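Below you'll find the structure, written out as structure tokens, and then a few comments.
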Amino acid sequence: ASSVGGKKHSISTDYILKVLGLDVCSETVVGSDMQRGVSGGQRKRVTTGEMIVGPRKTLFMDEISTGLDSSTTFQIVKCVKNFVHLMEGTVLMGLLQPAPETYELFDNIMFLSEGYMVYQGPREDVLEFFESLGFKLPPRKGVADFLQEVTSKKDQAQYWVDPSKPYEFIPVSKMADAFKNSRFGRSLESTLNVPYDKSRIHPSALSKTKYAVPKWELLKSCFAREKLLITRNRFLYIFRTCQVAFVAFVTSTLFFRTRLHPRDENDGNLYLSCLYFGVVHLMFNGFTELPLMIFRLPVFYKQRDNLFHPPWVWSIVSWIIRVPYSVFEAVVWSCVSYFTVGFAPSAGRFFRFLLLKFVVHQMSIGLFRTLAALARDIVVANTFGSAALLIVMLMGGFLVPKDQIKPWWVWATWLSPLQYAQRAISVNEFTATRWKKISATGNNTVGYNVLHSHALPSAGYWYWLGVGVLIGYALLFNIIVTLALAYLNPLGKAPAIVPDDTENTGG
């Protein structure tokens, strides 16, 4: 069946969906605090399926019924039982006082109390063992409740039914000794003492690599997932693209070419303002990556710690998958605004304008992904993100020209990526032929005067220098993201404060 063409998933994935009863919601988002998704029981089963869809056949599940009703717990345990029986898995599950229907789903019982192994063996034989000690399950009493109370000093007496001798409290240690000497304990010991035949070991029984599949397969799997997530979140990306087109339309009508002419420095300042606004808008557009990254971090940390994939695979794929989107946004902004505003009518300068918009958007995405990966909290990340935008804008070289910044803050301008973007896009425009006519206020050209009045360079190489620095920033930010994802852990919850009982309170 897995060789049939056109299958969306592998046969193993479809089989696990059926076994866990998730086929009815396979196309439903899991959901979050703000988005309704699958139910609580289905979410628990999604986590189980996420772990068993690979080569893992052994699961350790502790208190999975927390926060769930008995019906939902029964459904989950039933699905796990299907996995054990149909896929030959092994599950060690710890539950506190399960319902009788849930208890009947277990094959074997491991009964622990006060650090002792009171019983381990088939579920059907546990009552027979306690009857051999003189205790019997009364009618209409759940076995799980009986097992919890039969070891309690306060509740044990009500189950005593041996008429041959009076009741005397049997501690847990004596129950454990009785189990070792019973046929149930001896049967278990004989099973454990049989030496394993090493000739039956399968070559694939032990993993010799850290990850189950090759790196190339991991890259393809992560790429397919990122593509699916972008498809599911297409409304967000379509809305963002429409927003870019709308803002570009408003900008082009505000700086309309019929009202702008490359005649003097006043017109040049308006052109420079339009160029600056376009760069700043694309920087702001990358801010939406910050909450998206924060939202995805919990799932990433879980999968990273369970060795689903290395952090660099996830980081590289999530970066590459956004490159076409950055190209599309740069094309939309450039096509709507460039010729409408009336920038230099040259094909070469248009494509350089387009390239610069692309690298600015990539740098912005990398910047906010870095803040999200380092902060790991939406409130902290938003605070630092807003501060970073303000500082980058302030040191960008337009609001305050570089030659007017105090000497002790000049160094910060060289760290601002917006300064390099502003210099590159300004040089690309004001070194055009139409800006090379001699100004009426001096012997220099109009373009030179506009650039010089804002402390911007006029050499042509500054365009490629700015593009190179922005690409370097994008690479640097994504390297930092990768390192943060590899070595940082999710922020823990605030620990409870336990008062010191021995402290003298003066009461």
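The values are calculated or read from the model by the stated rules, or taken from the named source; none is laboratory data. It should be emphasised that the depicted structure is a prediction, and the values quoted were computed from it without experimental measurement. Heads up, the Cβs are rebuilt from the backbone with ideal geometry, glycines too, and the neighbour counts pull from every protein chain shown. In case anyone asks, the SASA skips ligands and DNA or RNA and just uses the protein heavy atoms, side chains included. Shrake-Rupley method; radii C 1.70, N 1.55, O 1.52, S 1.80 Å.
What figure in square angstrom, to the nearest 10, would you give for the accessible area of Asp69 with a 1.4 Å probe? Rounded to the nearest 10, that gives 90 Å².
Helix 265-285 versus the longest principal axis of the chain: what is the Cα-based angle in degrees, 0 to 90, to the nearest 10? Roughly 10 degrees, rounded to the nearest 10.
Nearest 500 deg cm²/dmol is fine: what mean residue ellipticity at 222 nm does the chain get from its DSSP H runs of n ≥ 4 alone, each adding -39,500 (n - 2.57), divided by its residue count?
Numbers: 20 runs with 282 residues, N = 507.
Roughly -18000 deg cm²/dmol at 222 nm, from the helical runs in the chain.
Accessible surface of Leu292, taken over heavy atoms with a 1.4 Å probe and every protein chain present, rounds to 50 Å².
How much length, in nm to one decimal, is gained on full extension between Ala455 and Leu292, taken as 0.36 nm per residue of separation minus their Cα-Cα distance? Working shown, then result.
On the way: separation 163, 0.36 × 163 = 58.68 nm, distance 3.73 nm.
Full extension from Ala455 to Leu292 adds 54.9 nm.
The tail of the calculated P(r) for the chain, taken as Cα-Cα distances beyond 43 Å, holds 44 percent of the pairs. DSSP beta bridges confined to the chain are antiparallel in about 60 percent of cases. The distance separating the Cα centre of region 30-62 from that of region 183-245 comes to 13 Å.
Relative to the longest principal axis of the Cα atoms of the chain, the long axis of helix 311-320 makes an angle of roughly 40 degrees. A 1.4 Å probe run over the protein chains yields, for region 215-487, 46 Å² of accessible area per residue, whole-number rounding. Using only side-chain charges placed at the Cβ, +1 for Lys and Arg and -1 for Asp and Glu, the dipole size of the chain relative to its Cα centre rounds to 2320 debye. Annotation: lysines with alpha-carbon distance below 23 angstrom to Lys141 (same-chain offsets under eight excluded): Lys78, Lys153, Lys154.
Counting GluC sites (Glu not before Pro) as exposed when in a DSSP loop with at most 16 other beta carbons within 10 Å, what is the longest stretch of the chain free of them? Segment 169-502 is the longest. Distance from the C-alpha centroid of region 265-287 to that of region 426-495: 12 Å, rounded to the whole angstrom. Compared with the dominant Cα axis of the chain, that is its longest principal axis, helix 323-341 is turned about 30°.
Among the chymotrypsin sites (Phe, Trp or Tyr not before Pro) within region 234-303, those in coil by DSSP and having at most 16 neighbouring Cβ atoms inside 10 Å are Phe256. In order along region 47-52, phi translates into HN-Hα couplings of 4, 5, x, 4, 7, 9 Hz, rounded to whole numbers, per the Karplus curve 6.51 cos²θ - 1.76 cosθ + 1.60 with θ = phi - 60° and x for Gly and Pro. When the Cα positions of Ala421, Ala375, Val481 are compared along the charge dipole of region 215-487, Val481 comes out farthest toward the positive end, with charges on each C-beta of Lys, Arg, Asp and Glu.
Ordering Tyr167, Ser152, Gly142 by Cα displacement along the dipole of region 77-189 toward the positive end leaves Tyr167 in first place; charges were set at the Cβ atoms of Lys, Arg (+1) and Asp, Glu (-1). Can you spot the lysines whose alpha carbon is less than 27 Å from Lys437's alpha carbon? Ignore those fewer than 8 places along the same chain. Reachable lysines: Lys402.
Distant-in-sequence amide contacts of Asn108, defined by a placed amide H-H separation under 5 Å and a gap of 5 or more residues or a different chain, comprise Arg123.
Residues whose amide H falls under 5 Å from that of Ser439, counting only those 5 or more places apart or on a different chain, are Asn444, Thr445, Val446, with hydrogens built in the peptide plane. Each residue of region 147-163 was assigned a 3J(HN,Hα) from its phi angle through the Karplus expression (A = 6.51, B = -1.76, C = 1.60, θ = phi - 60°), giving 5, 6, 8, 5, 9, 7, 5, 7, 10, 5, 4, 5, 9, 6, 10, 7, x Hz with x at Gly and Pro. With an a/c value of 1.5 or above and a/b larger than b/c for the gyration tensor axes a ≥ b ≥ c computed over the alpha-carbon atoms, region 215-487 is described as prolate. For Leu59, the residues 5 or more places off, or on other chains, whose built amide H falls under 5 Å of its own are Thr90, Val91, Leu92. Taking a straight line from the alpha carbon of Lys44, these aspartates and glutamates sit under 14 Å away, with near neighbours fewer than eight places off in the same chain left out: Asp62, Glu63, Asp69. Short-range pairs are left out: with C-alpha atoms under 8 Å and at least six residues apart, the relative contact order of the chain is 11 percent. Solvent-accessible area of region 1-146 (1.4 angstrom probe, protein heavy atoms only): carbon and sulfur portion equals 53 percent.
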